[in-house]
Amino acid sequence: MSFDPARLRAEFPILARTVHGQSLHYLDNGATAQMPRAVLERIVRHESESRANVLRGVHALAEAATEAFEAARATLARYIGAGNADEVVFTNGTTSAINLVAHGFGNNLAAGDEVVVSALEHHSNIVPWQMLRDRRGVVLKVLPVTAEGRIDMTALERVIGPRCRLVAITHCSNVTGAITDVGRIAAAARAVGAALLLDGAQVVPHGPVDVAALGADFYAFSGHKMYGPNGIGVLWGRRERLAAMAPLLGGGEMIRSVSFAETTYADAPHRFEAGTPPIAQAVGMAAAAEWILAQDREGWAAHERRLTGRILDGLALRDGVRVIGPLGLQGRAPVVSFAVAGAHPHDICEVLDQSHGVALRGGHHCAQPLMELLGVSGTTRASLGPYNDDGDVDALLRGLDHALQLLRR
Ligand SMILES: Cc1ncc(COP(=O)(O)O)c(C=O)c1O
């Protein structure tokens, strides 16, 4: 099996479309990646052949739907190295996975207990903890970042103290692309008996992970960033951690028994999946994981790395363009943010979209505290997938030159 980006690109029907009369250069994979035909077809097949509600049905379609749903759980458990599929809770995405922990784990905390995040976090790993702080008097502490856009490891001992109960950090920044050195943070959390939650939204799209080896207690990620559908995500939690958590939502499917006097809850994962779950989405997310596993991932990583290097080199050559994040390829994902003196990211994105067919993201990327720290109002971000090619990078750099010419006059 060898890596052939052109063959792989042909698996994504949407990449054949044009935008504003030009070829599409899709470089917004960090926000939402596209779905290959294998995933699209799996969803259609499920909806065409096995659509029904799950768990309680006693007919053929309900059994087929339940089987597909639980098989999807098992596939995703394998994808992240979970020992047991019961540790995989289906959620709507990374955001709802983190909220689930902020509620269930958070409600076991007392006033004065500490939760540690980093200054790199996406709002979805900040706001749930602020809500917990307001609810329970928990103290929220923040690990600083280095000038390179990485978590500052020299601050670990100072920030992660004896009252720390949870360290909740990103496995990879959606702004700087920096991949977190989890080992050191896991050791610091373990040293004070704190749990570790990793936001894996920007990591799982690039290949499987091993949650046990990472030393995590919770791992959150989204389907739509890993070539699967939206409206689906996963919270992985160690069995004993999930067992100690109260559910966030109450309703059907999450109970053991209900009476007006008393209701008892099912065990994880169903305890956290009240109501009809996103069934076809779960099936599609598992198909996406299988699709990733079937690729030549070494070739894929080398390809994304080479293109990331081309973008970084290209940006370095342009006056007034500052890369926000590591300048080298070591320990970084193919997510490249940059700021341009005298030009707003939204304007840059608009020129690239309308005149060059390049889809980028511009703004604060749901990381306003980081923007403030970096002294920028926003950045322009290019984020790669395996289907991107040299033509996409050429279009990005050509479009950027055009934008610089127009906007900095
Ligand atoms: C690092 C990170 N965390 C969390 C999220 C939120 O993911 P979702 O909107 O799928 O819940 C994102 C999405 O951009 C992200 O990049």
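The values are calculated or read from the model by the stated rules, or taken from the named source; none is laboratory data. None of the values given here were measured: they were computed from a predicted structure. So basically every Cβ, Gly included, is an ideal-geometry build from the backbone, and we count neighbours across all protein chains shown.
In the range 67-75, the count of residues that are small (Gly, Ala, Ser), at positive phi and assigned by TED's automatic domain parsing to the domain that holds residue 203 is zero.
Yes/no matrix, rows are residues, columns are (1) farther than 30 Å from residue 139 by Cα; (2) surrounded by 17 or more Cβ atoms within 10 Å (Cβ to Cβ):
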residue: 14; (1), (2): yes, no
residue: 46; (1), (2): yes, yes
residue: 59; (1), (2): yes, no
residue: 74; (1), (2): yes, no
residue: 79; (1), (2): yes, yes
residue: 97; (1), (2): no, yes
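Mind counting the residues in the range 93-106 that are over 15 Å from residue 130 (Cβ atoms) and either within 16 Å of the ligand (Cβ to nearest atom) or not small (Gly, Ala, Ser) (or both)? Matching residues across the range 93-106 total 6.
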